[in-house]
Amino acid sequence: MERQLASIQKIKSVESIEGADNIEKVSVLGWHCVAKKGEFKVGDRCIYCEIDSVLPEKPEFEFLRKNNFRIRTIKLRGQISQGICFPLDIIVSDKRLSYLEGADVTEELGVIKYEPKLPGHLGGIAKGFRPSYIPKTDETRIQSCPDVLIRHFGDSCYYTEKMDGTSVSVWNKDGCKGISSRKLELKEDDTSAYWIAVKRLEMLKRLDQIKFNICVQGELVGPGIQGNKYRLKETDIFLFNIFNIDEQRYLNFDEMVDVSIEMGLKMVPILGKVELKFSSVDDIVEFAKGKSMINPEIMREGIVVRPLQEKTDEELGRFSFKVVNADFLIKFGE
């Protein structure tokens, strides 16, 4: 599922906020936002812009300048607000009234995704775009796909800690090995955080132990990365995906655990197995809260949920989603 930073959505509910005279809570999809009182009513169409959207420098978005036009998770009068609902008239084209619910207007509004960057040399030197046979690592937030909880009610899943770092992919295809960030393949560079961690863990060598063409994907964490919230002394990688390049499929849970053990590489913390029986998005968001297994002194960012046996979903593609703890985002200004 391609992330829609700005889309046409319907207001699902409008609720008052205790002690607030000028603002109220509105809900779209599985998200809760703060809006001006009386600006929307249930059933109205709006333009919903997700958190981590960066809006263009235009007069109508000037109130976001102090945040460099980035939409963050905030709390107003005790109410968590994730995203902004705008009236349709911020789209100036005549076709705005014809947009159907769910229509993507990211490009029309000029919205881009906020991408945190590693400082200086730590990000490495780009060799080119990642190969087409290596899958992307983006996960959809459950608030953007709430019907997944209905379609897959009762499914047997496992859930892992969502770690706050940056993703790295390491692969071997017919003897051709490489590493990439989320978007770019990286040249070998002894000053790059990616290459430092991959070499220390001997990941390229360990790929030779596997009989099929393989891509392992993990979270790169440590000094210089996202503030090093886990207070690690050196960069490290925790696996969360293993992809069979020959068959173009992700390994099932048991297969992935076996291969990671065979390679001698650690996975992101596996928190347990769960039947997907949540009655609402708010329930699973509450379920996702807890302490980090990497550093119990901090709260975890959230969880990632996947089925024990890989399957597809009509909306997501691969059935996999993340549940992020809003308290974590507020604490760290994200």
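Compute the relative contact order of the stretch 120-331 as a whole-number percentage, counting only Cα pairs closer than 8 Å that sit 6 or more residues apart in sequence.
Taking the mean separation of contacting Cα pairs over the length of the stretch 120-331, I get 28 percent.
Work through the residues other than Asp246 whose Cβ is under 12 Å from its Cβ and net out their charges, Lys, Arg +1 and Asp, Glu -1.
+1
Select from Ile51, Gly227, Met256 the residue farthest towards the positive end of the dipole of the chain; place +1 on Cβ of Lys and Arg, -1 on Cβ of Asp and Glu, and compute about the Cα centre.
Ranked along the dipole, the leading option is Gly227.
Please report, in debye to the nearest 20, how large the charge dipole of the chain is about its Cα centre when each Lys and Arg carries +1 at its beta carbon and each Asp and Glu carries -1 there.
Using Cβ point charges on Lys, Arg, Asp and Glu, the chain gives about 660 debye.
At most 16 other Cβ atoms within 10 Å and a DSSP loop assignment: could you name the chymotrypsin sites (Phe, Trp or Tyr not before Pro) in the stretch 205-242 that fit?
Filter output for the stretch 205-242: Phe212.
Find how much the distance from Lys75 to Lys311 grows on full extension, using 0.36 nm per residue of separation minus their present alpha carbon separation; answer in nm with one decimal.
Between Lys75 and Lys311, full extension yields 81.3 nm more.
Which of the following values of Cα Rg over 2.2 N^0.38 Å was calculated from the structure shown: (1) 1.10; (2) 1.04; (3) 1.35?
(2)
Just in the stretch 101-140: which trypsin sites (Lys or Arg not before Pro) are loop by DSSP and have at most 16 other Cβ atoms within 10 Å?
Answer by residue number: Lys117, Lys136.
If you line up the long axis of helix 253-263 against the longest principal axis of the chain, both from Cα atoms, how many degrees apart are they, to the nearest 10?
40
Is the stretch 6-113 rounded, prolate or oblate when judged by the Cα gyration tensor, a ≥ b ≥ c being the square roots of its eigenvalues, rounded requiring a/c under 1.5 and prolate requiring a/b larger than b/c?
Cα axes put the stretch 6-113 in the oblate bin.
Return Ser192, Ser292 ranked ascending by Cβ neighbour count within 10 Å, so the fewest neighbours appear first.
In order of increasing Cβ crowding within 10 Å: Ser292, Ser192.
Starting from the Cα-Cα distance between Leu88 and Cys176, subtract it from 0.36 nm times their residue separation and give me the gain in nm to one decimal.
Full extension of this stretch gives 26.7 nm more.
Would you mind calculating the gained length between Phe212 and Glu297 on full extension (0.36 nm times residue separation, minus the Cα-Cα distance), in nm to one decimal?
Extending this stretch completely gives an extra 26.6 nm.
What is the calculated FRET efficiency for Glu202 to Leu232, with r their C-beta to C-beta distance and R₀ = 22 Å, to the nearest 0.05?
Efficiency computed from Cβ-Cβ geometry: 0.75.
Can you list the lysines whose alpha carbon is less than 21 Å from that of Lys266, not counting same-chain residues fewer than 8 positions off?
Once the sequence-local lysines are set aside, what remains near Lys266 is Lys136, Lys162, Lys177, Lys199, Lys205, Lys211, Lys229, Lys233, Lys291, Lys322.
Find how many whole Å separate the alpha carbon centroid of the stretch 102-141 from the alpha carbon centroid of the stretch 243-264.
25
Laboratory data are not the source of any read-out in this text; all were calculated from the coordinates shown. From a predicted model like this one, the values you see are computed outputs, not experimental measurements. Note that we place each Cβ from the backbone using ideal geometry, even for glycine, and neighbour counts take in every protein chain shown.
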